[in-house]
Amino acid sequence: MDYSSQYSSESSSIFAALGLGFFIFYFAIMVLMIASMWKVFVKAGKPGWAAIIPIYNTYVMIEIVGKPSIWLLWCLLPCVNFVFLIWLTNLISKSFGKDEGFTVGMILLPFIFWPILGFGSAKYLGPSAAEAQQGRFGGNFNNPNDPFNQPPANQF
């Protein structure tokens with residue numbers, strides 16, 4: 001049988017156009033995400049350029065929520081990082097006065113909710129870690145009347 005090269009050149013040009021279209025779409029989403037994170041950092045009083053440096057931007061987010069630096073290690077460890085990055089995202093949204101529903105949006109649809117946080121009217125209210133230490137969510141861990149928070153009795 002005689003196979004013409006016309007079909008292969010047509011299909012390869014279609015795939016090339018699809019690949020180029022996908023690349024342009026992906027590049028546009030990445031630019032939007034970087035610009036949104038840049039604006040969030042600026043609102044929190046941190047340098048905006050930190051959004052483009054991969055590990056440093058996680059460290060800056062940890063500073064924004066007021067957690068200790070050891071969180072960077074937890075955010076880089078495999079399997080543990082899922083929990084800590086979701087927790088970090090929740091604390092970011094709390095630091096800007098948003099609730100848990102907004103956190104779910106930031107995780108599932110980040111290309112929509114990060115721009116809302118960065119370019120919207122949300123204001124940075126301060127580290128959400130202060131709320132956690134005061135017991136507003138997650139319980140009051142410094143309650144002296146808590147029986148589980150008492151030193152063990154002398155057994156001798």
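Some notes on this structure:
- The residues Tyr56, Tyr26, sorted by heavy-atom accessible surface at 1.4 Å with ligands and nucleic acids left out, run Tyr26, Tyr56 from largest to smallest.
- For Ser128, distant residues with modelled amide H under 5 Å away: Ser95
The values are calculated or read from the model by the stated rules, or taken from the named source; none is laboratory data. Since this is a predicted model, take the numbers as computed values, not measurements. Heavy atoms of the whole protein, side chains included, go into the accessibility calculation; ligands, DNA and RNA do not. Shrake-Rupley method; radii C 1.70, N 1.55, O 1.52, S 1.80 Å.
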